[in-house]
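The values are calculated or read from the model by the stated rules, or taken from the named source; none is laboratory data. Predicted model, so just to flag it, every value in this text is computed and none were measured. Note that we place each Cβ from the backbone using ideal geometry, even for glycine, and neighbour counts take in every protein chain shown. Only protein heavy atoms, including side chains, enter the accessible area calculation; ligands, DNA and RNA are left aside. Shrake-Rupley method; radii C 1.70, N 1.55, O 1.52, S 1.80 Å.
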Amino acid sequence: MEKKEMIKEQILEAFQFRHATKKFDPEKKISQDDFQFILETARLSPSSIGIEPWKFVVIQNQQLRNKLKEVAWGAQGQLPTASHFVVILARTILDTKYNSEYIFNHLKDVKGFPEELIPKIHERYKVFQEDDLHLLDNERTMFDWASKQSYIALANMMTAAAQIGIDSCPIEGFNHDAVHKLLEEEGLLEEGHLDVSVMVAFGYRAEEPRPKTRKELNQVVEWIE
Ligand SMILES: Cc1cc2nc3c(=O)[nH]c(=O)nc-3n(C[C@H](O)[C@H](O)[C@H](O)COP(=O)(O)O)c2cc1C
């Protein structure tokens, strides 16, 4: 078979393999090397205007996992059994507003733009955030924008994991305010610069999933020619 066809087959196999794993085999741990690979796909993920408005907190501490379990109804089977459990944080308006110190430093230090160019870039971002997408309506619209970016990293991590035979489960089933409070108490939210976006558990499945169900392609795709 042609190389490209083999790769396509492998990728689709990974998409079929990936399912929302409810319970992991607690005895089977992901190797450090494999987990680094998964994290690397998060790091390399794209984000709007490239500001990487996220942080990935890997929670291996069983006590903290137990506390999370009390307020995360959607992770009852995953929290005690996952090999690795990640809370994905997204940056708040303090960092994502066009003229924030975070964006200034990001443009200068990460992207390597000359400092004198930055005010021009800020102007462009101001129009984008204020007029084009109405992101600056309130703190929530800004946070949701950052949170949306973090879901791209979430998806990439899960797909990459599936490609090397690692199971996962995305988790939105939690009380946001309670998780926020818990992580704030743990000092993980950088004094209001970060907030909770979504969670994801990784490991090896304890049982086989039910067959995958999806709508047909023609129900979700429309071609205009
Ligand atoms: C953003 C997001 C949040 C989710 N939250 C939970 C959750 O809290 N607990 C859970 O068991 N499954 C959760 N799921 C899994 C979905 O229910 C699952 O992906 C969907 O039913 C399709 O099934 P499949 O992923 O096994 O193909 C979530 C999925 C997504 C994308």
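So here's what we get for this one:
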{"item": "The range 9-47: GluC sites (Glu not before Pro) falling in loop per DSSP and having at most 14 other Cβ within 10 Å", "result": "E27"}
{"item": "The range 5-132 - percent of accessible surface contributed by carbon and sulfur, probe 1.4 Å", "result": "54 percent"}
{"item": "Accessible surface, per residue, of the range 1-92 when the full set of protein chains is kept, probe 1.4 Å, Å²", "result": "58 Å²"}
{"item": "Gap separating the Cα centres of the range 167-204 and the range 31-75, nearest whole Å", "result": "9 Å"}
{"item": "In sequence order, calculated HN-Hα J values of the range 216-225 (Karplus, 6.51, -1.76, 1.60; Hz; x Gly/Pro)", "result": "6, 4, 6, 7, 10, 10, 10, 9, 10, 10"}
{"item": "Karplus-derived HN-Hα couplings along the range 94-110 (A = 6.51, B = -1.76, C = 1.60, θ = phi - 60°), whole Hz, x at Gly and Pro", "result": "4, 9, 9, 5, 3, 10, 6, 5, 4, 5, 4, 5, 5, 5, 6, 8, 8"}
{"item": "Translational D in µm²/s for the range 79-183 (Stokes-Einstein at 4 °C, 1.567 mPa s, Kirkwood Rh from C-alpha pairs)", "result": "80 µm²/s"}
{"item": "Interchain or long-range residues, amide H under 5 Å from R205's placed H", "result": "D25, D167"}
{"item": "Helix-derived mean residue ellipticity, 222 nm - over the chain, DSSP H n ≥ 4, -39500 (n - 2.57), to 500", "result": "-13000 deg cm²/dmol"}
{"item": "Kirkwood hydrodynamic radius (C-alpha pairs) into Stokes-Einstein, the chain, 20 °C and 1.002 mPa s, D in µm²/s", "result": "111 µm²/s"}
{"item": "J(HN,Hα) series, the range 157-166, from Karplus relation 6.51 cos²θ - 1.76 cosθ + 1.60, nearest Hz, glycine and proline x", "result": "4, 5, 5, 4, 4, 4, 5, 10, x, 9"}
{"item": "Sequence-separation-based contact order of the chain, relative, with Cα cut under 8 Å and 6+ spacing, percent", "result": "35 percent"}
{"item": "Longest exposed-site-free window of the chain, the sites being trypsin sites (Lys or Arg not before Pro) in a DSSP loop that have at most 16 other C-beta atoms within 10 Å", "result": "112-211"}
{"item": "Across K55/K108; K28/K215; K28/K111; K148/K215; K23/K55; K8/K28, pairs whose alpha-carbon gap is larger than 30 Å", "result": "K28/K215; K28/K111"}
{"item": "Net +/- balance of residues flanking F24 in space, Cβ distance below 11 Å, scoring K and R +1, D and E -1", "result": "+1"}
{"item": "Cβ-based net charge around H84, under 10 Å, with every Lys or Arg adding one and every Asp or Glu removing one", "result": "0"}
{"item": "Rounded to the nearest 20 debye, dipole of the chain from Cβ charges on Lys, Arg, Asp, Glu", "result": "660 debye"}
{"item": "Listed residues F15, P53, N66: farthest to the positive end of the dipole of the range 1-72 (Cβ charges)", "result": "N66"}
{"item": "Dipole of the range 121-225, positive end: most advanced residue of G192, L133, C169 [Cβ charges, Cα centre]", "result": "C169"}
